[in-house]
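One structure below.
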Amino acid sequence: MRPPHSTPSTSSPRSATRRPRRQCSRPSSPSSTDVDATSDFHQRRNAMTARAVTEATFEQEVLMNDKAVLVDFWAEWCGPCRAVSPILDQIATENSDRLDIVKLNVDENPNLAMKYQITAIPAFKVFEKGEVVKTVIGAKPKPALEADLAAFIS
């Protein structure tokens with residue numbers, strides 16, 4: 001009998017049946033497909049129609065705006081936030097005369113997220129004349145978001 005914490009010898013039958021570990025082979029440089037996907041992501045990100053606001057610009061861009069403003073409370077790490085972003089860009093482009101859409105990163109602007117009681121993201125708040133008049137929580141397909149925003153885009 002061997003002591004409880006000893007390692008088996010190399011001549012044991014158990015070690016003889018072990019398979020060698022496979023080495024993970026990763027390319028030393030990104031493939032052209034990886035580079036294309038990354039640059040495509042950055043092009044789409046830079047082409048966002050909705051503009052970013054911060055605590056410094058929130059009052060001017062949102063609270064003092066003459067039009068209704070939808071504020072998208074989001075974070076970079078949030079998958080549903082990234083999924084709904086192109087939908088918001090489409091809605092912003094199609095309804096730019098009636099509705100402004102802005103994005104507020106909750107990680108970079110925690111005071112505003114706390115002030116407007118953002119506990120889940122993505123969260124959308126529509127402001128008119130400085131007041132919240134509509135709240136929508138969660139990523140939705142375009143028809144559902146348009147239905148939620150019908151009063152502001154029709």
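Just to verify a number: FRET efficiency for V133 and T93, C-beta to C-beta distance, R0 = 35 Å, to 0.05?
0.95
From the cross-link list K103/K140; K67/K140; K115/K142; K103/K125, which pairs have alpha carbons spaced over 18 Å apart?
On the way: K103/K140 16 Å; K67/K140 23 Å; K115/K142 28 Å; K103/K125 11 Å.
K67/K140; K115/K142, as the Cα separations exceed 18 Å there.
Under the 0.36 nm per residue contour assumption, what length would be gained going from the current alpha-carbon distance of A75 and Q60 to full extension?
3.2 nm
Only the coordinates and a few stated rules stand behind these numbers; no lab work does. Only a predicted model underlies this, so the values are computations on that prediction, with no experimental measurement involved. Quick reminder, even Gly has a Cβ in these numbers, built from the backbone with ideal geometry, and neighbours come from all protein chains shown.
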